[in-house]
Amino acid sequence: MNLKNIDIEEIKEIAVKAGNAIMRIYKKDFEIEYKDDNSPLTEADLKANEIICTSLNKYYPQIPIMSEENKQVDYDIRKNWEFYFCIDPIDGTKEFIKRNGDFTVNIALIHKNKPVLGVVYAPAFNEIYWAKEGIGAFKNGKKLPFKKNNTPNEKLFVVTSKSHLSEETLRFIDSLETKEIKQLSRGSSLKLCMVAEGVADIYPRMSPTMEWDTAAADAIVRVSGKMTYQYNDNIINNKPIYYNKNNLLNPWFIVK
């Protein structure tokens, strides 16, 4: 198996197909269930998951799939995976339920603990981000990043979560050494994409996320020349977050 064998156009097509199915449900009344961890689940999550998993199995039957909506494979088995797809059929289900558009379809390819390909599709805005190592990172066909902040000591654009803003995150923002801080807020993995774009300079996350929440957008971040660093004990320790851990919970992190 080789990254060259993965056709990014096929992955984008799968994400758009799932997004179209999500939008059909988004426009009508839908029921909301709650999982054991109290997170919401809708028929759109399940429909998108079915489309993505069926399509990936058709194109790449040899590559295992990890999805938020599938039963998780035991670590003793998956620790031996060289490549696997990491997917979140709807990242930002809370935003989907609020009908504010800030949700995405996330499909990533992980190679040895590192995201090397990612597609993030925001169907309500018809925006698609994608990246593949060796090719580049793009939004709607234009190469990322779009802009660079050459005066971060004067003004810093910080993006935070719409639904998960913690006290620790606010304390981190207060500690930033710059004259002016402009705070933006978005839902789902669009926050990481904003840093990849250059629209935001930094995305601090001091509250829980799972690997499938970040994997696809993290690929876009890395291929665009930025990084998602672990944040421990109030220190950015310059170690990237990594994937396919025994515990699939991400550490706190800073994207910059």
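The values are calculated or read from the model by the stated rules, or taken from the named source; none is laboratory data. All values reported here derive from a predicted model rather than from experimental measurement. Reconstructed Cβ throughout: ideal geometry from the backbone, glycine too, with neighbour counts over all protein chains shown. Only protein heavy atoms, including side chains, enter the accessible area calculation; ligands, DNA and RNA are left aside. Shrake-Rupley method; radii C 1.70, N 1.55, O 1.52, S 1.80 Å.
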> For the chain, modelled as a Gaussian network with Cα springs under 10 Å, which listed residue fluctuates most, Ser161, Ser175, Ser207?
Replying inline: Ser175
> Could you give the dipole magnitude of the chain about its Cα centre, charging the beta-carbon of Lys and Arg +1 and that of Asp and Glu -1, in debye to the nearest 20?
Replying inline: 880 debye
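Counting pairs of alpha carbon atoms under 8 Å apart in space and at least six apart in sequence, what relative contact order in percent does the chain give? Walk me through the numbers on the way to the answer.
Working: 540 pairs, mean separation 43.7, N = 256.
The normalised contact order for the chain reaches 17 percent.
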>> Let me check something: with ligands and nucleic acids excluded, how do Lys155, Lys28, Lys12 order by accessible area (1.4 Å probe), largest to smallest?
In response: Lys28, Lys155, Lys12
>> Give me, ordered by chain and number, the residues 5 or more places off Met227 or on other chains with an amide H under 5 Å from its own placed amide H.
In response: Lys256
>> Between Phe85, Phe30, Phe138, where does the largest GNM mean-square fluctuation fall for the chain, given springs only between Cα atoms within less than 10 Å?
In response: Phe30
> Given the Cα-Cα distance of Asp74 and Glu50 and 0.36 nm per residue of separation, how much length would full extension add, in nm?
Replying inline: 6.5 nm
> For all pairs of alpha-carbon atoms in segment 26-125, what percent lies in each bin of width 10 Å, listed from the first bin to the last filled one?
Replying inline: 14, 45, 31, 10, 0
> At what distance in nm do the modelled label points of Glu10 and Glu31 sit from each other, each positioned 7 Å from its Cα along Cα→Cβ?
Replying inline: 3.6 nm
>> Using protein chains only and a probe of 1.4 angstrom, how many square angstrom of Arg186 are accessible, to the nearest 10?
In response: 50 Å²
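Indicate the gyration tensor shape class of segment 130-256 (rounded, prolate or oblate), computed on the Cα atoms with a ≥ b ≥ c the square roots of the eigenvalues: a/c under 1.5 is rounded; otherwise a/b larger than b/c is prolate and the rest oblate. Please report the intermediate quantities before stating the final value.
Working: a/c = 1.64, a/b = 1.05, b/c = 1.56.
The shape class here is oblate.
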> Contour minus end-to-end for Leu41 and Gln62, with contour as 0.36 nm per residue of separation and end-to-end as the Cα-Cα distance?
Replying inline: 4.7 nm
> Counting only protein heavy atoms, what percent of the accessible surface of the chain is carbon or sulfur at a 1.4 Å probe?
Replying inline: 47 percent
> Sequence-distant or interchain residues sharing an amide H contact under 5 Å with Ile181, placed H: which?
Replying inline: Leu156
>> With a 1.4 Å probe and all protein chains kept in place, how do Trp212, Trp252, Trp81 rank by accessible area, largest first?
In response: Trp252, Trp81, Trp212
>> Below 17 Å, Cα to Cα, which lysines can Lys245 reach? Residues fewer than 8 away in the same chain don't count.
In response: Lys71, Lys79, Lys112, Lys114
>> Among Phe253, Val119, Asn234, whose Cα projects farthest towards the positive end of the dipole of the chain, with charges put on the beta-carbon of Lys, Arg (+1) and Asp, Glu (-1)?
In response: Val119
> What is the set of long-range amide H partners of Cys86 at a cut-off below 5 Å, with H atoms built 1.01 Å from backbone N?
Replying inline: Met66, Ala108, Leu109, Ile110
> Using 19 Å as the cut-off for backbone N distance, which residues of segment 144-180 belong to the label zone defined by a point 7 Å from the Cα of Asp233 along Cα→Cβ?
Replying inline: 172
>> Please give the Cα centre distance for segment 83-121 versus segment 157-191, rounded to the nearest Å.
In response: 21 Å
> Gaussian network model of the chain, Cα springs within a sub-10 Å range: biggest mean-square fluctuation belongs to which of Lys47, Lys17, Lys142?
Replying inline: Lys142
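List the residue ranges in the chain for DSSP H helices whose C-alpha atoms run 15 angstrom or more along the long axis and whose Kyte-Doolittle average is -0.5 or above. Display every interim value, and only then the final one.
Working: long enough: 8-26 (26 Å, 0.32); 43-59 (24 Å, -0.32); 211-223 (18 Å, 0.27).
Correct list, ordered by number: 8-26, 43-59, 211-223.
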> Hey, if we sort Met210, Met66, Met23 by accessible area with the 1.4 Å probe, largest down, what's the order?
Replying inline: Met210, Met23, Met66
